[in-house]
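Chemist: What follows is a single structure, and I will ask about it in a moment.
The values are calculated or read from the model by the stated rules, or taken from the named source; none is laboratory data. Not measured: the values here are computed from a predicted model. Positions of Cβ are generated from backbone atoms using ideal geometry, with glycine treated the same way; all protein chains shown enter the neighbour counts. Accessible surface is based on the protein model in full, side chains and every heavy atom, while ligands, DNA and RNA are left aside. Shrake-Rupley method; radii C 1.70, N 1.55, O 1.52, S 1.80 Å.
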Amino acid sequence: MTGSVTTRRVFGAVLVCVAAGLAVVATFLNAYSVQFVVNRRTLRFEATTWAVERDDFREFLLLKPLEFGEPVVGAAVVVLVSAVLAFRVPAMRVGTLLGAGLLVGAAWSAVVRVQGLIDELGALDSPVPIEVEQGDGVTMLIVAAGLAVVAAVLHQELPRPEPREDTGDGAVIHQADDADDTDTPPYGYPVIVEPKSD
């Protein structure tokens, strides 16, 4: 169906918008947190991808935001613009795949950074256990990236398979329209029934 808008493409475009919105919201949520309890006092660090929200450690632990906000917003803009322009320029549908790939890369980087931080703080010789927790921002970014991949695939207009033409190599069956079925049974030959002998 070339040149027309299919339900699948519209649904894919809507999902692309939802994924882009979730990704942008994820950058403003807590990306990760670090805390430990010392002398019955809880010290905590929280950061989004843009800024530090809480820092009780001051300069004791040099922590900072994950700083993947700009790539995520850039990827969200790419998928949104591509989804909108694809209805006029079909080649722009590739942009939704590109944007989804960028979101997957950002989500992967965020998870690797948090995991690296867990390993790094776990290696410290600390008298109290240090807890590192992945925040809702990273979790939502993972969900947005997965949704963006599904949406980008749905948004593509894959060519439909052409109907197969008869090449004449196989068996051809003909049926006569004016055939009389009363003389010949369905099996193709008359059945002979012999009378029973007493």
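Chemist: Could you tell me which of the residues 93, 88 is in contact with a His (Cβ under 8 Å, 6 or more places away or on another chain) and modelled with pLDDT under 85?
Modeler: 93 is the lone residue from the list that is in contact with a His (Cβ under 8 Å, 6 or more places away or on another chain) and modelled with pLDDT under 85.
Chemist: Okay, moving on. Name the pairs whose Cβ atoms lie under 9 Å apart, with the first residue in region 33-45 and within 9 Å of residue 131 (Cβ to Cβ) and modelled with pLDDT of 90 or more, the second open to solvent by less than 40 Å² (accessible area, probe 1.4 Å) and hydroxyl-bearing (Ser, Thr, Tyr), and 6 or more positions between them or separate chains?
Modeler: From region 33-45, no pairs qualify.
Chemist: Across region 47-84, what is the total count of residues that are at pLDDT below 85, open to solvent by 50 Å² or more (accessible area, probe 1.4 Å) and not in a loop (DSSP other than H, G, I, E, B)?
Modeler: 1
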